[in-house]
Amino acid sequence: MPPIISVKNLTKTYGNGFEALKGVDLDIERGEILALLGPNGAGKTTLISIVCGIVNPSGGTVMVGGHNVVQDFRQTRAMIGLVPQELTTDQFETVWNTVSFSRGVFGKKANPALIEKILRDLSLWTKKDNMLRELSGGMKRRVLIAKALSHEPEVLFLDEPTAGVDVNLRRDMWEVVKQLREQGVTIILTTHYIEEAEEIADRVGVINGGRLLLLEEKAALMKQLGRKQLTLDLTEPLAALPPSLGAFDLTLSEDGQKLMHEYSHNGSQDSISALLAALTAADIHFKDLSTRQSSLEDIFVALVEEKA
């Protein structure tokens, strides 16, 4: 089966000369959840905007469901739902009316039963008669998702869907995304939260500087990039590492006061236990320990250096 979205050699240069996208190639399979990770200015929103027909590309092609997004704008836009970063809503409209109106914008006949189902699925039914200005930020973001789903799109773009919402609401929205995928909707989300990608995505892409640096299955990516570091504050400084610790990936600080051990995201507790036992056998004692996991920023730096 051909991919539902196919991006080939996509470029975008703005009038001021800024290159937002530099030859991006990306195929998105029907029914998958793809997470795009990247810092601000990486090109994520520009990529989404081009696929959705909001921004024109400078070069390359984008196909959605076999249609060109530039030449067949109406067909492709009707297939896509977009939830933007900004909370752009009519503050003095009710939830019911704004979602129903969004369906009408795409030329769809009124379908109160469908609108009710969408609002119930998003826990918005009790708020249907509330004006948007009366809702919390998290509820407004749910309304944006309801609007994007109102015309029954095959593809849903979520641009930073959980930015600025609390942890509990974020997890609720993850469940909504999973349910949508079960209904056959293809979902592409951009996020700063690596745990969000780990929780709900099938594949993860890392974009930076307008280039797609990496695109992999989630499990493979987390195994490759999810590094952790164990730091031990020693009771007495060491001049050098003893040979008995040579089997472990250890680094001694310049002052000899700290031992650092790097291990994988899925590193087993057995390896840590073996290290601590080896330290005891070598009569090396520590007064404190701490762990640190690679941040998203660390991952970006590593990838940029690797691709340079």
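No lab work stands behind these numbers, since they all come straight from the coordinates. Note that the structure is predicted; figures quoted are calculated from it, not measured. So basically every Cβ, Gly included, is an ideal-geometry build from the backbone, and we count neighbours across all protein chains shown.
Among rounded, prolate and oblate, which fits segment 71-166 when a ≥ b ≥ c are the square roots of the eigenvalues of its C-alpha gyration tensor, a/c under 1.5 means rounded, and a/b larger than b/c means prolate? Taking the square roots of the gyration eigenvalues as a ≥ b ≥ c, segment 71-166 is oblate.
Model label points for residue 216 and residue 9, set 7 angstrom from Cα along the Cα-to-Cβ axis, are 2.8 nm apart.
Checking the cross-link pairs 228/258; 108/147; 117/178; 140/218; 109/178 against a 21 Å limit on the alpha carbon distance flags 140/218; 109/178 as lying beyond it. Comparing mean-square fluctuations of 203, 133, 292 from a GNM of the chain with C-alpha springs under 10 Å, the top value falls on 292.
Take 233-243, 205-215 and order them by the average number of nearby Cβ atoms within 10 Å per residue, most first; the result is 205-215, 233-243. Only helices enter the 222 nm calculation for the chain: every DSSP H run of n ≥ 4 contributes -39,500 (n - 2.57), and dividing by all residues gives -10000 deg cm²/dmol, rounded to 500. Express the Stokes-Einstein translational diffusion coefficient of the chain in µm² s⁻¹, to the nearest whole number, given a Kirkwood radius over alpha-carbon pairs, 20 °C and a viscosity of 1.002 mPa s. Using the Kirkwood radius from Cα pairs, D works out to 97 µm²/s.
A Förster radius of 25 Å, combined with the Cβ-Cβ distance separating residue 32 from residue 68, puts the computed FRET efficiency at roughly 0.70. Site pair residue 92 and residue 166 shows an inter-label distance of 3.1 nm when each label is modelled 7 Å from Cα along Cα→Cβ. Here segment 110-214 is treated as an ellipsoid with the same Cα gyration tensor; its semi-axes, largest first and in whole Å, are 26, 16, 12. Every Cα-Cα pair in segment 227-294 was counted, and those over 19 Å apart are 24% of them.
Distance between the 7 Å Cα→Cβ label points at residue 274 and residue 288: 2.9 nm. Its alpha carbons give segment 73-116 an Rg and a Dmax of 11.7, 31 Å. Reducing segment 79-141 and segment 176-220 to their Cα centroids gives an inter-centroid distance of 24 Å.
The equivalent ellipsoid of segment 42-121 has semi-axes of 28, 16, 10 Å, largest first, where each one is the square root of 5 times an eigenvalue of the Cα gyration tensor. With the highest mean first, a sort of the peptides 71-81, 106-116 on other beta-carbon atoms found within 10 angstrom per residue produces 71-81, 106-116.
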